[in-house]
1. How large is log10 I(q)/I(0) at q = 0.10, 0.12 Å⁻¹ when the Debye formula is applied to the Cα atoms of the stretch 1-149, each weighted equally and without solvent?
2. Return the sequence-ordered ³J(HN,Hα) values of the stretch 77-86 in whole Hz as given by the Karplus equation 6.51 cos²θ - 1.76 cosθ + 1.60 applied to θ = phi - 60°, using x for Gly and Pro.
3. Label-point separation (nm) for Phe105 and Ile61, each offset 7 Å from Cα along Cα-to-Cβ?
4. Hey, what do the phi angles of the stretch 88-97 turn into as Karplus ³J(HN,Hα) couplings, whole Hz, using 6.51/-1.76/1.60 and θ = phi - 60°, x for Gly and Pro?
5. Between the stretch 73-101 and the stretch 1-41, how many Å separate their Cα centres?
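Please treat every number below as a calculation from the coordinates, not as lab data. Since we're looking at a predicted model, the values are computed, not measured. With ideal geometry, Cβ positions are generated from the backbone for all residues, glycine too; neighbour counts draw on all protein chains shown.
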Amino acid sequence: MWFLYLLSWIALVVQILFITVAIAAGLYYLAELVEEYTVLSKKIILWMTFWTLGCYICFLIFEDLPLRMVVCGIISQVAHLYILQTFPFVAVLSPAFISAIVLIFVNHYFAFQYFSSVYYSFSEVMAYFTLCLWLVPFALFVSLSANENVLPTVAETRPLLGGDNDLVSNYFSRKSKKYGLLSLFTYAKQSILPQRSKKAF
């Protein structure tokens, strides 16, 4: 009896490892898609934001959720719309981005407080968390690496240094500094997985 119990814990660890690898591979693939199709990604995230905003308006009309929870959700979607104005460039220190991060925690606090006091089925609670709290922030998180491979424009936030450092040379001099999700996964892939050495003939 104890041996099967031990095997169940080993199987749980293996399943967690498989799920982690599958999620990492999926995130890597999504980050590459967002980098490749930035215009389409912006449209998809914009429609997801409007759809979530519509869900909050439906909560006001059809459900009995607390007003502060619904209003906080609407304000967070408005902050997401402000972030999308400069997409794929996301200014991490912009008021819209900082307020969106703060509102994620506030929304979770209100949701946990409400759903712990009022009974809803597990599927209803997960539907609220997945579609109203996690969907748009997750899409924006995956798309943070999209501005690494976008062509430079005059409206970039970082000013040019002057002299012979024009727009294109400034862009390529900063090209080595990547801090997005795709860069993190690429670094993990290069440092963890063994690389095959190419034979020179």
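1. So the normalised log intensities work out to -0.46, -0.63.
2. Values per residue, Gly and Pro as x: 5, 5, 5, 5, 5, 5, 5, 6, 4, 9 Hz.
3. Once both label points are built, they end up 3.5 nm from each other.
4. Couplings: x, 7, 10, 7, 5, 9, 6, x, 5, 5 Hz.
5. Answer, in whole Å: 28.
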